[in-house]
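Written out below as structure tokens is the structure these notes cover.
The values are calculated or read from the model by the stated rules, or taken from the named source; none is laboratory data. None of these values were measured; they are calculated from a predicted model. We place every Cβ from the backbone using ideal geometry, glycine too, and count neighbours over all the protein chains shown. Quick note on the areas: whole protein, heavy atoms, side chains included, nothing else; ligands and nucleic acids left out. Shrake-Rupley method; radii C 1.70, N 1.55, O 1.52, S 1.80 Å.
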Amino acid sequence: MEHKNESRLTSTLQDKKEFTDLESLWEAALGEIELQISRPNFVTWFKNSQLIDKKEQSAYIALPNTFAKEWIENKYAKIVFAALRNLDGSITKIEFIVNNSRLANKLRSKARQNKIEITQQSFPEFRIDPETNLNPRYNYANFVVGKANELAHAATSAVVSDIGSKYNPLFLYGGVGLGKTHLVQALGNEIKRRYKSSVRVKYVSSEKFTNDVIWAIRNKRTETIKEKYRLVDVLIIDDIQFIIGKPSTEEEFFHTFNALYESNKQIIISSDKPPKFMPDLAERLRSRFEGGMIVDVGPPDYELRFAILKSKLEEKGVGLSDDVIGLIANKIQKNFRELEGVINRISFYQNIKKSDINAKIAEEIIAEIIQEPIKNISPSVIIKTVAESFDISLMDITGQCRKKEVVEPRQIAMFLLRDMLSLSYPTIGEKMGKRDHTTAIYAFEKINKEMAKNQNLNQKVLLIKEVLGKE
Ligand code: ADP
Ligand code: MG
């Protein structure tokens with residue numbers, strides 16, 4: 001996608017600052033990179049990146065795994081290079097390396113000798129407590145309550161003061177970006193704050209849970225799941241919809257659920273839809289969920305959007321007139337993530353230009369943000385994204401070639417068409433180059449099974465999903 005306004009914004013960055021350490025250089029570069037790619041892409045690919053060294057005009061960027069390295073090399077090398085060079089003119093070359101590779105370790109130990117401080121990327125949102133998996137950024141103080149979320153807010157607060165008895169399980173559902181993760185994490189953080197170590201809290205996304213189950217099965221260590229998830233007093237599982245239809249994960253979750261429930265431990269679940277609209281949900285889980293408290297988080301009205309904008313702008317120290325805030329609240333209706341995107345860009349703009357945002361500039365910024373659809377993924381977008389991520393052509397992925405490098409991505413595309421869009425098998429066959437429906441069934445089953453055994457494949461598929469904007 002073209003970002004004409006952005007290049008104009010970034011090109012105004014003439015007064016280059018001096019960067020004395022790698023971390024702040026990388027942080028500033030990330031700030032620019034973030035503006036050029038969609039939010040899901042940014043978070044997926046850059047969240048665990050580090051600038052680990054800079055020598056002889058080369059910058060070395062460490063990434064968590066080979067897949068991320070290849071992806072960034074292929075797709076974002078130019079953007080990364082431009083961002084770094086823009087900030088530090090001495091850089092003429094960049095190199096991506098896999099974290100924990102020999103080279104990365106060597107550079108790191110050298111940096112340590114030179115006392116260059118390297119820490120994990122210090123976005124506040126990535127400072128996660130390893131014990132609870134909670135992100136301190138989400139709390140009640142920065143959660144704005146309005147009509148759309150007041151019931152959900154009240155229910156989570158009730159759980160904080162009355163753990164494991166009244167609302168158990170608590171099931172929150174609602175569309176993407178409406179604050180479910182924020183609320184359930186705020187609940188966890190509040191319990192932590194109030195009860196300290198006397199109440200053990202654990203937050204887990206259902207993708208992480210799935211990965212843990214897959215790992216445990218593969219390594220014949222299913223007891224680790226028990227140790228990890230059954231020894232807590234409060235278990236928060238986010239986006240439960242992603243474990244539905246994965247039999248061994250569902251099974252494991254069912255046992256975890258029962259074990260906790262029977263000993264009066266608190267369970268909090270979030271989902272994109274209520275249990276009754278989850279057709280593939282096993283009946284035994286459905287009845288468990290329906291036995292607790294179910295609350296929805298609805299789309300925000302104008303007042304709530306306005307209030308959230310005001311509070312976020314304050315948090316970031318960005319001043320904006322009420323007129324302009326009203327304009328943004330009017331235009332961006334569906335999703336708080338888009339709101340945050342607008343705020344980030346506005347704050348960037350003000351920092352760089354040192355000038356106020358008027359209605360016209362605000363409209364330009366909004367127009368760019370809402371061009372990036374996060375939801376409503378079409379079949380062709382899925383097929384295209386899979387092809388791109390494996391670097392094969394659209395012709396190949398839908399064609400007849402039987403080479404392994406093409407067959408696997410093809411099957412992954414069919415898997416995702418079923419998994420994410422619930423398309424019928426004949427439709428999937430049709431979209432994938434007029435194949436028979438049995439081929440689509442076979443592909444789905446194969447990838448589904450394979451993902452349970454093959455961590456690498458599993459990770460690839462999850463990453464593609466994240467790129468597609470489904471977290
Ligand atoms: P979901 O999990 O429902 O997809 P999130 O909790 O991730 O949504 O919310 C998206 C973003 O919007 C987050 O950055 C979150 O902090 C913010 N947000 C959502 N609801 C509120 C609210 N009521 N007050 C303040 N920020 C909110
Ligand atoms: Mg969420």
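Residues in region 263-273 that are touching a residue at least 60 places away in the same chain (Cβ under 8 Å) and either surrounded by fewer than 17 Cβ atoms within 10 Å (Cβ to Cβ) or part of a strand (DSSP E or B) (or both): Asn264, Gln266, Ile267, Ile268, Ile269, Ser270, Ser271, Lys273. Tallying residues that are open to solvent by less than 30 Å² (accessible area, probe 1.4 Å) and outside any helix (DSSP H, G or I) within region 203-216 yields 2. Pick from region 53-76 the residues that are more than 24 Å from the chain's Cα centre (by Cα) and crowded, with 20+ Cβ neighbours inside 10 Å: which of them is farthest from Asn458 (Cα to Cα)? Applying the filter and picking the extreme gives Lys54. Only one entry of Pro279, Pro299 meets the criterion of being surrounded by fewer than 19 Cβ atoms within 10 Å (Cβ to Cβ), within 16 Å of ligand 2 (Cβ to nearest atom) and at pLDDT below 90, and that entry is Pro299. Among the residues making up region 149-163, a single one is within 16 Å of ligand 2 (Cβ to nearest atom) and not in a helix (DSSP H, G or I): Asn149.
If you go through region 407-424 one residue at a time, do you hit one that is over 24 Å from Pro64 (Cβ atoms) and of a type in the set (Val, Ile, Thr)? The answer is yes, given that some residue of region 407-424 is over 24 Å from Pro64 (Cβ atoms) and of a type in the set (Val, Ile, Thr).
When restricted to residues that are more than 8 Å from ligand 1 (Cβ to nearest atom) and within 25 Å of the chain's Cα centre (by Cα), region 131-147 contains 9.
Rundown of residues vs (1) over 21 Å from Arg218 (Cβ atoms); (2) open to solvent by 60 Å² or more (accessible area, probe 1.4 Å); (3) within 16 Å of ligand 2 (Cβ to nearest atom); (4) at pLDDT 95 or above, yes/no style:
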residue: His437; (1), (2), (3), (4): yes, yes, no, no
residue: Lys446; (1), (2), (3), (4): no, yes, no, no
residue: Ala452; (1), (2), (3), (4): no, no, no, no
residue: Gly469; (1), (2), (3), (4): yes, no, yes, no
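Just for region 164-188: of the residues that are more than 17 Å from the chain's Cα centre (by Cα), within 15 Å of ligand 2 (Cβ to nearest atom) and not in a strand (DSSP E or B), which one is surrounded by the fewest Cβ atoms within 10 Å (Cβ to Cβ)? That would be Ala186. Scanning region 217-227 turns up one or more residues that are of a type in the set (Ser, Thr, Tyr), in a helix (DSSP H, G or I) and more than 12 Å from ligand 1 (Cβ to nearest atom).
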